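The structure appears right after this line, and notes come after that.
The values are calculated or read from the model by the stated rules, or taken from the named source; none is laboratory data. Owing to the predicted nature of the structure, the values given are computational and were not obtained by experimental measurement. Glycine also receives a Cβ, built like all others from the backbone with ideal geometry; neighbour counts cover every protein chain displayed.
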Amino acid sequence: MGYLAIVLFAAVFILILRGYPVAFTLGGVSIAFAFAVSIFAPEIFQMSIFYLLPSRIMGVVNNYVLMAVPLFVFMGIMLEKSGLAQSLLETMAMLFGRIPGGLAISVVIVGALLAASTGIVGATVVTMGLISLPTMLKRGYKTELATGVIASSGTLGQIIPPSIVLVLLADTINSSSRGAASVDVGTLFSVAIVPGILLVTLYSIYILIISFIHKEYAPSIPKEEILEFRDHHFVSKIIKVMVLPIVLIMLVLGSIFLGIASPTEASAIGALGATMLTIFQKKFSIKILKEVVQETARLTSMVFFILLGATTFTLVFRTLGGDAYLQEVIMNSELTPVLFLLLVMVIIFIAGFFIDFIEIIFIIVPVVTPIFNAFGMDMLWVGVLIALNLQTSFLTPPFGFALFYLKGVAPEEVKTSQIYKGIIPFIGIQLLILGIVFFFPEIILTTQ
């Protein structure tokens, strides 16, 4: 039975790599495989098992934690429509403009603020690409540095709360744990902040170093231009552009960390706060509201269809004994827990070259979680490591989605090869942070 489960896993993985829709591949192939096994080997798999599927599906639909997904998506898209990113970038650029690489550091900080406000990578990369890339190129920034900064900053929404990735990851770990210790979304949010801050810090340090070594890569903004900007209601601009979004972030994350609200309740606060902020910015209209609702429905439907397909796959995989078989193989191979975790990290990193983070969460994580639990590993630590690893999947060619998003909005003179070259140092920084958290877990676990 275990061999059959591995065959199913391989078939699903190969078909997804071939470009078939993820949701229907997960669910459809699993049902077809189970039907074939029930006909040729009914003693192994009974189709009556699928009577359990409706209750599993309703369990997903009724999951209180997953209600946070559409609300956080709504919050992110509404803030994108408010023009927040452009105003933030203009203000931050003038604050750091005299420093070599100051505009690039501004992009990193704005990317972090947008990550904590929206958590949607695609929206952040596209918005930052449209606003900051032409400006950076116009000011003489090296193309590779400019594109690398924008793409990497846009992926901070993967690890900095409120992150859709962390919500889905926590739910998948919990549903795969089979009675083992659960991972609370709020706690996962709190421990993920440290690696997020480390990433922002190391990105900025790298930009400072490369800008001091090669000043022509990142020219500073002329002093006259900065003075002109600061002469026109500079304090009020800072309050309007920076203070209000930070207050919204504090309300959302602070209410979670202080135990005042659950992540789902905090997501509702965020959705309402983003709408009010858009009204305050005088950007709100019925047309924008309609666009936000439609985009939220589209993204949420995509996530939940994949989740329902993954639920079907997990049911068949477990019924065939796949998790027990893998656990037995790993235990008998005498792999230590650390070596097994390292192996999983390598597999996820390589898979990130070819498939999206959602597929990795819903295909690989349910398979390996029972083994981590059997080893007695801290799933909060494992969850942060997986989230950091998944962040690299947005940047690694050939299918790094952040690279596609940026290329889609970049000027024609920006080549794909330049985007690929520009992202290499930032992938290195992400792997460095991943290594630090891997070898020094107390860095994040002390923040619980």
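Observations
- Residue 359 passes every criterion in (1) modelled with pLDDT of 85 or more; (2) under 24 Å from residue 163 (Cβ atoms) apart from (1).
- Residue within the range 378-389 that is closer than 29 Å to residue 187 by Cα and without any contact (Cβ under 8 Å) to a residue 24 or more places away in the chain present: no
- Residue 388 being among the aliphatic types (A, V, I, L, M) and at pLDDT 85 or above: yes
- Counted residues, the range 150-181 - those being touching a residue at least 12 places away in the same chain (Cβ under 8 Å), surrounded by fewer than 24 Cβ atoms within 10 Å (Cβ to Cβ) and in a loop (DSSP other than H, G, I, E, B): 4
- Of all residue pairs spaced 6 or more apart or on separate chains, those with beta-carbon atoms under 9 Å, a first member in the range 87-108 that is part of a loop (DSSP other than H, G, I, E, B) and a second member that is of a type in the set (Phe, Trp, Tyr) and surrounded by fewer than 22 Cβ atoms within 10 Å (Cβ to Cβ) are 97/229; 100/212; 100/217; 101/212; 101/217.
- Helices (runs of 4 or more DSSP H) completely within the range 399-448 that count 1 or more residues being among the hydroxyl-bearing types (Ser, Thr, Tyr): 401-409, 416-439
- Selection count, the range 256-277, where residues are hydroxyl-bearing (Ser, Thr, Tyr) and under 26 Å from residue 88 (Cα atoms): 2
- Residue in the range 19-37 that is within 25 Å of the chain's Cα centre (by Cα), at pLDDT 75 or above and farther than 30 Å from residue 185 by Cβ present: yes
- Positions within the range 1-18 being modelled with pLDDT of 80 or more and either of a type in the set (Val, Ile, Thr) or farther than 16 Å from residue 351 by Cα (or both), in sequence order: 4, 5, 6, 7, 8, 12, 14
- Residue list for the range 248-269, filter: in contact with a Leu (Cβ under 7 Å, 6 or more places away or on another chain) and in contact (Cβ under 8 Å) with a residue 40 or more places away in the chain: 248, 267, 268
- Within the range 79-134, the only residue that satisfies the criterion of being surrounded by fewer than 24 Cβ atoms within 10 Å (Cβ to Cβ), closer than 23 Å to residue 69 by Cα, modelled with pLDDT under 70 and of a type outside the set (A, V, I, L, M) is 122.
- If you filter the range 38-68 down to residues that are outside any helix (DSSP H, G or I) and within 28 Å of residue 185 (Cα to Cα), you find that the one that is farthest from the chain's Cα centre (by Cα) is 62.
- Filter result for residue 24 (assigned to a helix (DSSP H, G or I), of a type outside the set (Lys, Arg), in contact (Cβ under 8 Å) with a residue 12 or more places away in the chain and closer than 21 Å to residue 361 by Cβ): yes
- Flag for residue 415 being surrounded by fewer than 17 Cβ atoms within 10 Å (Cβ to Cβ), out of contact with any strand residue (DSSP E or B) (no Cβ under 8 Å at 6 or more places or on another chain) and among the basic types (Lys, Arg): yes
Here is a yes/no grid of residues against (1) under 25 Å from residue 169 (Cβ atoms); (2) crowded, with 20+ Cβ neighbours inside 10 Å; (3) of a type outside the set (Val, Ile, Thr):
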{"position": "269", "(1), (2), (3)": "yes, no, no"}
{"position": "277", "(1), (2), (3)": "no, yes, yes"}
{"position": "281", "(1), (2), (3)": "no, no, yes"}
{"position": "286", "(1), (2), (3)": "no, no, no"}
{"position": "296", "(1), (2), (3)": "yes, yes, no"}
{"position": "313", "(1), (2), (3)": "yes, yes, yes"}
{"position": "316", "(1), (2), (3)": "yes, yes, no"}
{"position": "340", "(1), (2), (3)": "yes, no, yes"}
{"position": "350", "(1), (2), (3)": "yes, no, no"}
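- For the range 216-264, filtered to residues that are of a type in the set (Phe, Trp, Tyr) and either surrounded by fewer than 19 Cβ atoms within 10 Å (Cβ to Cβ) or under 17 Å from residue 115 (Cβ atoms) (or both), the residue that is modelled with the highest pLDDT is 257.
- Given (1) surrounded by fewer than 16 Cβ atoms within 10 Å (Cβ to Cβ); (2) of a type in the set (Phe, Trp, Tyr); (3) assigned to a helix (DSSP H, G or I), number of the condition residue 13 does not satisfy: (1)
- Test result for residue 328, closer than 30 Å to residue 75 by Cα and of a type in the set (Asp, Glu): no
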